[in-house]
Amino acid sequence: MIALFDVDGVILDSMAIWDTLPIRYVRSKGKIPQTNLAKIIAPMSLEESSLYLKEHYQLNASSIEIQHEIIEMLTTYYKEEVTLKPGIVSCLQACQDQHMPMYVLSIGDETLINAAFKRLHIRSYFQKIFTVMDKRNPHVYENIATQLHTKPQDLLVFEDSLDAIQSAHQAGCKTIGIADPSNQDKQTLIKARADFFVPGFEAVDWGHHLLSL
């Protein structure tokens, strides 16, 4: 069995930044953010959200400059602030103790992931970091299995995203759904789709649990 971990919401306790980042940015410009700004921005692309912020808050910077400034804030967050999900190290250590190879599959930026992992002293657990644009297609997991010279059935996928869990399941992978505040409204569906559901890494005896898989 090979362990394949998502990053945001699974290894890193980072999902909240996507809600707070536009608020941080607006405040950095001396403006008062709307109380529902995160909800307004959520469905937008970076380009769309930058244009919205420029127009709504009458910012002097161009939308391109706003994008660059937001990316810079995000980079600082990953390099200096982001923390681990509680209990994740015990899971990683249990995988290592049982000689289970560990890899990362994320839609995030590899440079930022590496920076966070090195600062948090967990980079050595992982043999490779794979990044993709989207994880909603089962072929993503089939391709990873091919690259690792194995079958999807031999991949144990740790995920907090319902869409990713569904596509991993369709590919034939075993899936462990991870609870996060960001997926609270979808946890009933995650429990139904995933092979296992974990309310928190610290709530599981991983040494025993992995042996039962």
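The values are calculated or read from the model by the stated rules, or taken from the named source; none is laboratory data. This one's a predicted model, so the numbers in the text were calculated from it and none came from an experiment. Backbone-built Cβ (ideal geometry, glycine too); neighbour counts: all protein chains shown.
Taking the range 1-43 as the range and being closer than 30 Å to Lys151 by Cβ and either surrounded by fewer than 21 Cβ atoms within 10 Å (Cβ to Cβ) or in contact with a helix residue (DSSP H, G or I) (Cβ under 7 Å, 6 or more places away or on another chain) (or both) as the test, the residues that pass are Met1, Ile2, Ala3, Leu4, Asp6, Val7, Gly9, Ile11, Leu12. With respect to Leu21, determine if the residue is in contact with a Phe, Trp or Tyr (Cβ under 6 Å, 6 or more places away or on another chain) and in a helix (DSSP H, G or I). Criteria not met by Leu21. Taken as a whole, the range 172-182 holds at least one residue that is out of contact with any helix residue (DSSP H, G or I) (no Cβ under 8 Å at 6 or more places or on another chain), more than 15 Å from Tyr141 (Cα to Cα) and among the acidic types (Asp, Glu).
The single residue among Ile70, Ile122, Ile88, Ile66 that is modelled with pLDDT of 95 or more and farther than 30 Å from Ala3 by Cβ turns out to be Ile66. The residues in the range 84-128 that are assigned to a helix (DSSP H, G or I) and of a type outside the set (A, V, I, L, M, F, W, C) can be counted, and the count is 12. Here Asn36 meets the list (1) of a type in the set (S, T, N, Q); (2) modelled with pLDDT under 95; (3) closer than 30 Å to His169 by Cα almost entirely, failing just condition (3). Looking only at the range 71-82, decide whether some residue is of a type in the set (Lys, Arg), within 24 Å of Phe158 (Cβ to Cβ) and assigned to a loop (DSSP other than H, G, I, E, B). No; the residues of the range 71-82 include none that is of a type in the set (Lys, Arg), within 24 Å of Phe158 (Cβ to Cβ) and assigned to a loop (DSSP other than H, G, I, E, B). Condition check for Ile32 on (1) among the hydrophobic types (A, V, I, L, M, F, W, C); (2) outside any helix (DSSP H, G or I); (3) in contact (Cβ under 8 Å) with a residue 60 or more places away in the chain: one failure, at (3). Screening Ile165 on (1) within 15 Å of the chain's Cα centre (by Cα); (2) among the β-branched types (Val, Ile, Thr); (3) under 15 Å from Met15 (Cβ atoms) shows it passes everything except condition (3). Check Ala115, Ala171 and return the single one that is over 21 Å from Trp206 (Cβ atoms), in contact with a strand residue (DSSP E or B) (Cβ under 9 Å, 6 or more places away or on another chain) and small (Gly, Ala, Ser). Within the list Ala115, Ala171, the selection yields Ala171.
Filtering the range 82-124 to residues that are small (Gly, Ala, Ser) and over 25 Å from Thr150 (Cα atoms) leaves Gly87, Ser90, Ala115, Ala116. Residues in the range 67-81 include none that are under 21 Å from Gly177 (Cα atoms), of a type in the set (Lys, Arg) and touching a helix residue (DSSP H, G or I) at 6+ places or on another chain (Cβ under 7 Å).
Only one entry in Thr75, Thr131 is touching a residue at least 12 places away in the same chain (Cβ under 8 Å), touching a Ser or Thr at 6+ places or on another chain (Cβ under 9 Å), polar (S, T, N, Q) and in the same structural domain as Ser28 (by TED's automatic domain parsing), namely Thr75. Total residues in the range 44-63 satisfying the condition of being surrounded by fewer than 17 Cβ atoms within 10 Å (Cβ to Cβ) and either assigned to a loop (DSSP other than H, G, I, E, B) or at pLDDT below 95 (or both): the figure is 9.
Residues in the range 146-180 that are touching a residue at least 40 places away in the same chain (Cβ under 8 Å) and among the β-branched types (Val, Ile, Thr): Thr150, Val157, Ile178.
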